[in-house]
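Values in this text are rule-based calculations from the coordinates and carry no lab data. Source: prediction; values computed, not measured. Note: ideal-geometry Cβ built from the backbone for every residue, glycine included; neighbour counts use all protein chains shown.
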Amino acid sequence: MRLVIIESPYAGDVERNVAYAKAAVRDCLQRGEAPYASHLFFPQAGLLNDDIPAHRAIGIEAGLAWGAMADATVVYEDLGISVGMALGILRAQAQGRPVELRRLRTFLPAAE
């Protein structure tokens with residue numbers, strides 16, 4: 001499986017953005033990829049609080065560090081490009097990792 005880092009928004013409308021990130025993960029899995037979305041992992045209760053700038057910075061940096069292992073960075077751009085996503089794109093480019101832009105067009109949150 002091809003290892004991919006997912007870039008999609010998190011901050012702002014967190015509920016919508018988490019549903020969108022989950023849809024992006026499903027899209028990658030359906031493409032036969034092994035996705036990693038740090039913004040779904042680190043903000044979980046008991047890990048990092050995205051509302052605390054130092055926590056947010058640690059989470060972003062930890063997610064970017066995983067990028068060195070990835071074959072590509074995939075950017076889901078339907079909801080725009082956030083500051084965190086832009087950092088991920090810049091890091092991928094600096095490391096020579098391909099960046100692919102994708103759209104889901106429409107997405108429906110999966111039933112929990």
Original post:
So, in nm, how far is label A45 from label R31 when the simple model puts each one 7 Å beyond its Cα toward the Cβ?
Top reply: 3.3 nm
Original post:
Where the only charges are on Cβ atoms (+1 Lys, Arg; -1 Asp, Glu), what is the dipole of segment 44-112 about its Cα centre, to the nearest 20 debye?
Top reply: 200 debye
Original post:
Hey, if you put +1 on the Cβ of every Lys and Arg and -1 on every Asp and Glu Cβ in segment 2-102, which of F42, Y10, T73 ends up farthest toward the positive end of that dipole?
Top reply: T73
Subject >> Which of I58, I6 has the fewest Cβ neighbours within 10 Å, and the rest in rising order >> reply: I58, I6
Subject >> Over the chain, volume per residue of the alpha carbon convex hull, in Å³ >> reply: 103 Å³
Original post:
Can you list the residues, at least 5 places off or on another chain, whose amide H is less than 5 Å from the amide H of V4, using H built in the peptide plane?
Top reply: A34, Y36, D71
